[in-house]
Structure formats: C-alpha cells, structure tokens
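Asks: Structure provided below as structure tokens; questions to follow.
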Amino acid sequence: WDDLILVGRAGTQNLLSPSYLFDDHDGHVMPGGFLLGGLITRAAPLVWFWPALSLVLLQLLAWLALLRTLHIILGRRPVLLVPWTFALFTPLGLPGFAWWAAGLNSLPMLAALAWFCGDAILLVRTGNRRYLATGLAAFLGGLLFFEKAAVIPFVGFAMVALLYYVAGERDWLRTVWRRGTGLWVSAGVLLAGWVAVYLVVVDQQRWSWDLTMTWNLLRRSFTHGIVPGLVGGPWQWQRWAPASPWAVPPTTVMTLGWLALAAVVVVSVLRKRRLAPVWLAALGYAAVCQVPIYLMRSSRFTALELAQTLRYQPDLVFVLALLCAVGLCAPNRVTPLLDATRLRAVAVGGACALFVASSLYSSWTFLASWRDNPTKAYLQNVRAALADARVTSSAPLLDQEVDPLILQRVAWPENLASHMFALIRDRPQFASGTTRLRMLDMTGRLIGAKVTWVRTIRPGPTPSCGYLAQPDSPVTMPLDGPLLPSDWTVELNYLANTEGTITLTLSDGPETRVPVLPGLNRVYVRLPGAGDAITVRARTAALSVCLASGPVGYLAPA
C-alpha cells in the first residue's frame with residue numbers, strides 16, 4: 001500500500017518542501033525516492049505504466065552496475081556468469097522490486113552499492129582520483145533513496161580488502177587503507193552527516209531492545225528465506241490482503257537449500273585457498289544487514305512472518321554475488337578432480353539451469369499470490385465514478401476513507417479520498433460538508449449513503465427551533481452518549497435566515513467550517529474528535545441558525 005501513500009503525499013504537498021522530502025516514512029529517510037516518485041505521480045497520476053517503467057529502468061541500472069563490478073573483479077571469464085545469474089534470478093530480490101515504493105527504496109541503493117565497490121577497487125588498483133569522486137557520488141545517491149545505504153563504504157572496503165587478501169597481498173589491510181584513504185575518509189564524513197540527519201528525522205522511540213524476538217526473526221530469515229533462496233526457493237508464498245506476500249517454503253526446498261550450501265562450502269574449501277574470511281564476511285553480512293531492521297520493528301507482538309517477507313534481502317543478494325566473485329579469484333588447490341573439464345562445465349551449467357528453473361517457479365507463485373489484489377479494479381472504478389459524479393451533481397463529495405483493503409487507517413491522512421485522488425482533475429470537489437451524501441463502496445463505486453445512529457443529538461430546548469446559534473451566542477448540543485476519538489459524520493438539520501458559515505466542534509477536536517443556505521436544509525459534516533457534545537458557532541454577521549436533532553455516526557450504504 002506504500003505506493004498509494006506516495007501518491008497521496010505527492011498530490012497534497014510541495015515536492016521541494018523539507019517536510020515532504022524528509023518525512024519519517026515508517027523509519028525510512030528517502031528524499032530521493034520521494035522526489036522521483038512525486039515527479040512521476042504529478043506527471044501521470046494513477047497511471048501505473050510510468051511507475052512500472054521506472055522500476056524496470058532502476059532494476060536494469062542495478063544489474064548493469066553489478067555486471068560492471070563483477071567484470072572489474074573477474075575480467076572476461078565465463079565464470080562471471082555464475083554470480084550474475086544468481087543475482088538476476090534469485091527470489092530473494094523479488095520483494096525489493098515487486099511494488100513501487102520498495103523499488104524506489106532498494107534499487108538505487110543496489111546500483112550505488114555495486115558501483116561504489118567497483119570504483120573502490122579501481123581506485124586502490126590504479127590510484128586514479130576520478131574513482132574517488134564517482135564513488136562518493138554513488139554513495140550519496142544511495143543515501144538519498146535508502147538509509148540502509150550507510151553500509152556501502154563498509155562493504156566497499158571489505159570487498160577490496162578481501163580481494164587483496166585472496167590474491168596473496170602480504171600487507172593487504174594497510175595497502176587497501178593507504179591507497180583508498182581519500183575515499184574511506186570522505187565516505188565516513190558523508191555518512192556522519194547523514195546519520196545526523198536521520199537521527200533528527202526519525203522517531204527514535206521506534207527502537208526496541210527485544211533481543212529474544214530479534215534472534216527469532218533473524219533465525220527465521222535464514223531458515224525460511226536465505227537458505228531456500230540459495231536454490232531458487234521458497235516456491236510457495238502466502239498473502240493476506242493488503243499485506244505483501246511472505247515465503248512459506250516446504251521442507252523439501254529448505255532441505256535442498258541446506259544441502260546445496262554445504263556442498264558449495266565443501267567444494268570451495270577443497271578447490272580454493274584463503275577463503276575463510278570470505279565465508280565469514282558472507283555470514284556476518286547476512287546477519288548484520290537485518291539486525292537493525294528487526295531491532296526497529298520487533299516486539300513481543302511481532303509476527304515471525306516479518307522475516308519471511310524478504311523485504312530487506314536484495315542488498316544481501318548483491319553482496320553474496322560480489323563475495324562469490326572475490327572467492328573465485330582465490331588461488332586454486334591441487335585438485336585434479338575439480339580441474340576444468342567438459343564434465344565440470346556440464347555440471348555447473350546444469351546446476352545453474354536448475355537454479356534458474358526453480359527461481360522462475362518461485363517468481364510465478366509470487367506473482368500468483370498478488371492476483372487477489374483489488375487495488376487496480378478499485379482505482380479504475382473510483383475514477384469512473386468521480387467523473388460521472390462531476391457531471392450529474394454540483395454537490396461536493398464528503399471526504400472519507402478509502403476501503404481498508406486498499407489503504408488502512410494507519411496510513412492516515414493518505415487513506416483519505418481527498419489525498420489519494422487529489423491529482424485527478426475530472427472529479428467533484430472533496431469537502432468536509434455536503435448536501436448530498438454519497439460514499440465509495442468496497443469496489444470503488446459511488447453510492448448513496450446515510451449516517452448510522454452511533455449517537456444522537458438530543459432535542460434542543462428552544463420551542464420550534466431546537467438549538468439557536470448566533471454570532472454572539474454559540475450553542476452546545478449534547479449527545480446521548482460519549483464518542484471515542486474518530487472521524488465522525490454528523491447529519492445536521494437546520495433552518496437559517498441567510499447564507500453564511502458556521503463551525504462545528506466536538507468536545508475534544510478541531511473546528512470544521514460548514515457553509516449554510518437560507519431556509520430549511522440538511523448538511524452532512526465530517527467531524528473529527530471525541531466527546532459528548534457538539535459546539536456550533538455562527539461565523540457570519542446577522543446569521544441565525546436553528547438546529548434540530550440528528551444522528552452522529554459513520555457512513556453506511558443508504
């Protein structure tokens with residue numbers, strides 16, 4: 001549903017304002033993502049071709065950046081296809097590409113990570129300062145889209161250091177630090193500045209120190225996510241709308257994943273020397289890249305399925321591919337059985353083919369899990385209904401929440417129709433009051449509505465009038481019971497002597513301005529707040545309004 005949050009924010013805020021660019025978006029700081037998403041939304045609101053195209057282009061950019069770095073490490077060796085095939089097809093990267101908001105987060109960061117690593121290697125190898133500038137630019141670009149890009153300098157240093165270690169460089173750590181000092185120090189300064197921005201923007205109360213749940217989530221991410229993904233799993237997904245799918249790998253693919261991992265470890269140790277730090281780096285990153293996320297989002301109420309969504313695994317895919325390339329540069333042991341032969345080529349090619357087939361099957365089941373998504377049909381129906389409503393009536397449409405299967409209340413105020421459809425031109429105006437009550441049903445059709453009787457305005461004390469509101473004498477209308485905090489709808493029956501404006505306020509809530517017309521009329525008002533009474537004030541000189549009893553509640557089909 002994050003895609004629709006981006007749409008709502010882009011339609012109601014200034015794209016260049018700090019409040020828009022530096023919003024705490026569920027713990028994410030992504031000004032670059034907001035700006036790019038806002039520009040696309042403003043250009044073609046709710047036309048999903050352009051977000052889809054941006055995802056494809058960003059994914060292509062990330063893959064090409066990875067291919068460049070693999071080529072820098074391995075040269076034009078056919079074995080380069082092994083890590084690149086893994087990165088291209090593994091389902092571990094699917095959730096980072098499946099919807100727009102996720103792609104705006106992760107894909108630029110992946111491109112930046114791969115490019116930075118390539119530039120770091122070239123800087124240390126050649127000493128050309130151009131790679132310092134382009135590497136820093138890539139790092140800054142990654143930070144603008146995803147705060148997780150903070151790992152990029154550390155990954156870059158580790159890749160260069162490990163590459164020199166497996167190549168047999170005697171003083172490998174000092175050499176890498178000395179030759180790349182400018183890049184490492186500059187990246188550290190940039191990172192420190194970004195951390196300061198992040199701490200200012202993000203609510204630090206999100207952090208949890210539930211270490212038991214964090215460990216359970218981390219363990220589940222390995223058993224149900226990473227390990228099955230090594231062989232193209234998980235094969236099966238589950239989804240409860242409107243949430244994203246999570247992996248539910250059968251025992252078969254989990255077992256195959258562990259067996260494949262064990263086989264790769266054994267074969268690599270038998271064939272290559274100096275690989276222990278490479279394997280430790282892979283294990284360490286697989287854990288470290290997830291722990292901050294789980295510390296921020298875990299509690300004793302957190303579902304373990306959070307670890308199975310694989311939302312934060314795409315960067316692990318790129319790191320594993322790069323580490324694989326580094327490992328392939330390690331010197332060989334004397335193992336004639338594993339020397340290059342036609343049989344070995346067939347075995348490697350067959351394993352890659354099976355991996356691709358397994359991954360494509362997981363991708364197909366992932367796509368199938370989204371087929372019950374009602375969003376596309378809902379948005380199409382709403383656009384058609386709004387266009388028709390504009391033609392058939394001049395009355396504004398009472399602002400209201402969209403169906404919770406499209407966007408839930410936790411996304412307020414972006415779940416309001418006035419936000420989601422702000423950029424649609426062919427529609428009636430959204431307002432806090434209307435003379436014709438209509439609502440959007442769960443399919444997006446616009447139907448007649450009524451106000452449910454959750455509470456009732458008690459009859460007023462003034463004979464033949466009820467409650468009399470005038471500019472110098474506001475009136476309080478008691479309800480027959482208290483209202484909890486919510487966005488309520490009031491059916492207000494009134495008699496006014498002239499055209500003007502009144503304001504309505506619950507005991508605990510903001511004022512809502514409502515226009516009134518002369519004569520006996522009815523207006524429906526959206527009134528946020530809580531309490532057991534409604535205060536009415538006349539805001540126009542010489543305006544007198546008599547107010548009668550009526551319901552206060554929610555919208556329901558008439």
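Asks: Chymotrypsin sites (Phe, Trp or Tyr not before Pro) within the range 233-286: which are DSSP loop residues with at most 15 other Cβ atoms inside 10 Å?
Replies: W240
Asks: Taking the 0 to 90 degree range and rounding to the nearest ten, how far is the long axis of helix 375-392 tilted relative to the main principal axis of the chain, both from C-alpha atoms?
Replies: 30
Asks: How would you rank Y361, Y131, Y165, going from fewest to most other Cβ atoms within 10 Å of each one's own Cβ?
Replies: The order, fewest Cβ neighbours first, is Y361, Y165, Y131.
Asks: Excluding residues on the same chain fewer than 8 positions from K272, give the lysines whose Cα lies under 18 Å from its Cα.
Replies: none
Asks: What dipole magnitude, in Debye to the nearest 20, does the range 249-350 give about its Cα centre under +1 on Lys/Arg Cβ and -1 on Asp/Glu Cβ?
Replies: 280
Asks: Just to verify a number: FRET efficiency for S507 and T443, C-beta to C-beta distance, R0 = 30 Å, to 0.05?
Replies: So the FRET efficiency works out to roughly 0.25.
Asks: Here's something else I'd like to know. Sorted from fewest to most neighbouring beta carbons within 10 Å, what does the list E491, E499 look like?
Replies: E499, E491
Asks: Same structure again: Efficiency by 1/(1 + (r/R0)^6): what FRET value for T223 and V346, r their Cβ-Cβ distance, R0 = 41 Å, to the nearest 0.05?
Replies: For T223 and V346, the calculated efficiency is 0.80.
Asks: Further question on the same structure: For the pair E499 and T335, how long in nm is the line joining their label points, each one 7 Å along Cα→Cβ?
Replies: That separation, rounded to one decimal, is 8.7 nm.
Asks: Spit out the partnerless Cys residues in the chain, using Cβ distances under 4.7 Å as the pairing rule.
Replies: C117, C289, C324, C329, C352
Asks: Looking at the calculated P(r) for the range 155-252, what percent of the C-alpha pair distances fall above 18 Å?
Replies: 72
Asks: Using each residue's phi in the range 439-456, evaluate 6.51 cos²θ - 1.76 cosθ + 1.60 at θ = phi - 60° and report the 3J(HN,Hα) Karplus result to the nearest Hz, with x for Gly and Pro.
Replies: Ordered by residue, 3J(HN,Hα) equals 9, 8, 7, 5, 9, x, 7, 9, 10, x, 9, 9, 9, 6, 8, 5, 9, 10 Hz.
Asks: With viscosity set to 0.890 mPa s at 25 °C, what whole-number translational diffusion coefficient in µm²/s follows for the range 1-122 from Stokes-Einstein and a Kirkwood radius over Cα pairs?
Replies: D = 157 µm²/s.
Asks: Also, I was wondering about something else. How long are the semi-axes of the ellipsoid equivalent to the chain, from square roots of 5 times the Cα gyration tensor eigenvalues, in whole Å, largest first?
Replies: 59, 24, 20
Asks: Evaluate the charge dipole of the chain about its Cα centre and quote only its size in Debye, nearest 20, assuming +1 on the Cβ of each Lys and Arg and -1 on the Cβ of each Asp and Glu.
Replies: 2140
Asks: Sticking with this one: Determine the shape class of the range 375-437: with a ≥ b ≥ c the square roots of the Cα gyration tensor eigenvalues, call it rounded for a/c under 1.5, and otherwise prolate if a/b is greater than b/c, oblate otherwise.
Replies: Note, shape of the range 375-437 comes out oblate.
Asks: Turning to a different aspect of this structure: First obtain the Kirkwood hydrodynamic radius of the range 326-481 from its Cα pairs, then insert it into the Stokes-Einstein equation at 37 °C and 0.692 mPa s, and state the resulting D in µm² per second as a whole number.
Replies: D = 149 µm²/s.
Asks: Starting from the Cα gyration tensor of the range 48-368, multiply each eigenvalue by 5, take the square root, and state the resulting semi-axes largest first in whole Å.
Replies: Square roots of five times the eigenvalues give 29, 27, 19 Å.
Asks: Right, something else. How much length is gained if the chain between K376 and L60 is pulled fully straight, taking 0.36 nm per residue apart and subtracting their Cα-Cα distance, in nm to one decimal?
Replies: My answer for the length gained is 111.2 nm.
Asks: With an 8 Å Cα cut-off and a minimum separation of 6 or more residues, compute the relative contact order for the range 375-437 in percent.
Replies: Relative contact order of the range 375-437: 46 percent.
Asks: If contacts are Cα pairs under 8 angstrom and at least 6 residues apart, what is the relative contact order of the range 455-557 in percent?
Replies: Relative contact order of the range 455-557: 42 percent.
Asks: What is the distance, in nm, between label points placed 7 Å from the Cα along the Cα-to-Cβ direction at T476 and at S393?
Replies: 3.4
Asks: Extending each Cα 7 Å along its Cβ direction at W50 and D203, get the distance between those two points in nm, one decimal.
Replies: 3.2
Asks: Continuing with this model, one more query. For A196 and R425 in the same chain, what is the full-extension length gain: residue separation times 0.36 nm, less their Cα-Cα distance, in nm?
Replies: 78.4 nm
Asks: Now, a different point. About the Cα centre, and with charges only on the beta carbon of Lys, Arg (+1) and Asp, Glu (-1), how big is the dipole of the range 375-437? Nearest 20 debye, please.
Replies: The dipole magnitude comes to about 160 debye.
Asks: For the chain, what does -39500 (n - 2.57) per DSSP helix run (n ≥ 4), summed and divided by total residues, give at 222 nm, in deg cm²/dmol to the nearest 500?
Replies: Rounded to the nearest 500, it is -15500 deg cm²/dmol.
None of the figures in this text is laboratory data; all of them are computed from the coordinates on show. No experiment lies behind these values; they were computed from the predicted model shown. All Cβ positions, glycine included, derive from the backbone under ideal geometry; neighbour counts span all protein chains shown.
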